[in-house]
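I have placed the structure first, in the form of structure tokens, so that the comments after it can refer back to it.
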Amino acid sequence: MNDDDLREAILARVARLRPGTTCCPSEVARALAADWRPLMEPLRRVALELAAEGRIAVMQKGRPAGPDPRGPIRLAPAQEDSDVSPRPRPL
């Protein structure tokens, strides 16, 4: 499985999301392989590349993640194409 395969799978999954929803990268990995865990690091890397290109949004705790997020992430359509909006930060 190469990066192009991962990019295609991520873009296809994100394109199928209902408005305002996100998906976990593990959903993409599980659809690609029975032994999906080894795909998680490459999927995360490719997802961050797609986000940097503006093709998708990588979210964390309901907000756009930075370029090097720590912890769980979610995938969403690019912000201009999505109803997924950042939550206001508490004061």
message: With a 10 Å cut-off between alpha carbons and a GNM built on the chain, which of ALA31, ALA47, ALA15 moves the most?
response: ALA31
task: Can you work out the accessible area per residue across the chain, with the rest of the protein chains kept in place, probe 1.4 Å, in square angstrom?
output: 64 Å²
- line: Sites removed, the longest contiguous part of the chain containing no DSSP-loop trypsin sites (Lys or Arg not before Pro) with at most 11 other Cβ within 10 Å is 17-69
message: Loop-only GluC sites (Glu not before Pro) in the range 1-71, please: DSSP not H, G, I, E or B, and at most 15 other Cβ atoms within 10 Å.
response: GLU53
query: Regarding the chain, what is the average projected area of its C-alpha convex hull, in nm²?
result: 5.9 nm²
- prompt: So what's the back-of-envelope 222 nm ellipticity for the chain, counting only DSSP H runs of four-plus at -39500 (n - 2.57) apiece and dividing by all residues, rounded to 500?
  reply: -11500 deg cm²/dmol
message: Can you tell me the orientation of helix 40-52 relative to the chain, as the angle in degrees between its alpha-carbon axis and the longest Cα principal axis, to the nearest 10?
response: 50 degrees
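The values are calculated or read from the model by the stated rules, or taken from the named source; none is laboratory data. Being a predicted model, the structure only gives us computed values, none of them experimental. Reconstructed Cβ throughout: ideal geometry from the backbone, glycine too, with neighbour counts over all protein chains shown. Ligands, DNA and RNA are stripped out before the accessible areas are found, and what is left, the full protein with its side chains, is counted by its heavy atoms. Shrake-Rupley method; radii C 1.70, N 1.55, O 1.52, S 1.80 Å.
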